[in-house]
Ligand SMILES: Nc1ncnc2c1ncn2[C@@H]1O[C@H](COP(=O)(O)OP(=O)(O)OP(=O)(O)O)[C@@H](O)[C@H]1O
Ligand SMILES: [Mg+2]
């Protein structure tokens, strides 16, 4: 296993940049980002709209690839990986929570949580059912297992998305503005839940937010401005 990354760092971004080609012009969304994230950190990404938060989360989450620089996840350089290896990494190491929840509308809460588990060959049917039950319980939705997303409130949908992200036992959960579509109180509840899981299970959380109250709950806040870390 190659390992240029700092010991203990679960994510190591070295001179990571991202350029988008847009109508003959080049937009630089990230300029040479250097960032080291420790295992079990509860870290917030702050910064104005367009500063590069989603871009950075997508690069760490292997949803997109950098134009320059390298990213190591648990010591593995992800730039050398094939599409299949990246899909494997996303399935087994990473969990995602999106601003708009991204639940499958025709599936119940329980089935949404179960869905990624069905792709994990190491998890058999019995284990899968236990995991689904456990994580619906963790997010307080055991009574809503058979509800479809449109039969749930926004906060409940976001909790299903969190249960889905956690059920595969990822080492890192990436959450892009997980509270943006929720009222303050519900948003704080979601954050408290994430923090709880972070402390109990040691899962690393990296989340973006515009909300000052949410930032206060983080161990560390990284601020982006125009694609650069400014704090
Ligand atoms: N697919 C794309 N093609 C071209 N430019 C893009 C693309 N995605 C993002 N950008 C540009 O990259 C920059 C960073 O965008 P990004 O979505 O990462 O910002 P953000 O910090 O997440 O903003 P917000 O708080 O509004 O979600 C912006 O200037 C944006 O216009
Ligand atoms: Mg964004």
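Table for the structure above
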{"quantity": "Complete set of residues in segment 144-181 that are more than 30 Å from residue 125 (Cα to Cα) and either away from ligand 2 (no atom under 16 Å from the Cβ) or under 11 Å from the mean Cα position of the chain (by Cα) (or both)", "calculated": "176, 177"}
{"quantity": "Residue match in segment 183-204 (condition: in contact with a helix residue (DSSP H, G or I) (Cβ under 8 Å, 6 or more places away or on another chain), within 16 Å of ligand 2 (Cβ to nearest atom), closer than 30 Å to residue 17 by Cβ and in contact (Cβ under 8 Å) with a residue 60 or more places away in the chain)", "calculated": "no"}
{"quantity": "Segment 87-135: number of residues that are in contact (Cβ under 8 Å) with a residue 60 or more places away in the chain and either within 23 Å of residue 149 (Cβ to Cβ) or in contact with a strand residue (DSSP E or B) (Cβ under 9 Å, 6 or more places away or on another chain) (or both)", "calculated": "11"}
{"quantity": "Total residues in segment 128-151, condition in contact with a helix residue (DSSP H, G or I) (Cβ under 6 Å, 6 or more places away or on another chain), surrounded by fewer than 20 Cβ atoms within 10 Å (Cβ to Cβ) and not in a helix (DSSP H, G or I)", "calculated": "2"}
{"quantity": "Residue among 45, 35, 56, 30 that alone is more than 16 Å from ligand 2 (Cβ to nearest atom) and either surrounded by 16 or more Cβ atoms within 10 Å (Cβ to Cβ) or not in a loop (DSSP other than H, G, I, E, B) (or both)", "calculated": "35"}
{"quantity": "Residue pairs meeting the criteria (Cβ under 6 Å; at least 6 apart or on separate chains; first touching a residue at least 60 places away in the same chain (Cβ under 8 Å) and on the phi > 0 side of the Ramachandran plot, in segment 42-68; second surrounded by 18 or more Cβ atoms within 10 Å (Cβ to Cβ) and part of a loop (DSSP other than H, G, I, E, B))", "calculated": "52/227"}
{"quantity": "Sole residue being in a helix (DSSP H, G or I), within 20 Å of the chain's Cα centre (by Cα) and either within 15 Å of ligand 1 (Cβ to nearest atom) or surrounded by 14 or more Cβ atoms within 10 Å (Cβ to Cβ) (or both), chosen from 213, 195, 200", "calculated": "195"}
{"quantity": "Residue among 51, 40, 17 that alone is modelled with pLDDT of 95 or more, within 16 Å of ligand 1 (Cβ to nearest atom) and in a loop (DSSP other than H, G, I, E, B)", "calculated": "51"}
{"quantity": "Residues being surrounded by fewer than 19 Cβ atoms within 10 Å (Cβ to Cβ) and in a loop (DSSP other than H, G, I, E, B) - total across segment 99-122", "calculated": "12"}
{"quantity": "Residues that are away from ligand 1 (no atom under 16 Å from the Cβ) and surrounded by fewer than 16 Cβ atoms within 10 Å (Cβ to Cβ), drawn from segment 59-85", "calculated": "75, 79, 80, 82, 83, 84, 85"}
{"quantity": "Test: residue in segment 170-184 that is touching a strand residue (DSSP E or B) at 6+ places or on another chain (Cβ under 9 Å), part of a helix (DSSP H, G or I) and modelled with pLDDT under 95", "calculated": "no"}
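The values are calculated or read from the model by the stated rules, or taken from the named source; none is laboratory data. Source: prediction; values computed, not measured. Glycine also receives a Cβ, built like all others from the backbone with ideal geometry; neighbour counts cover every protein chain displayed.
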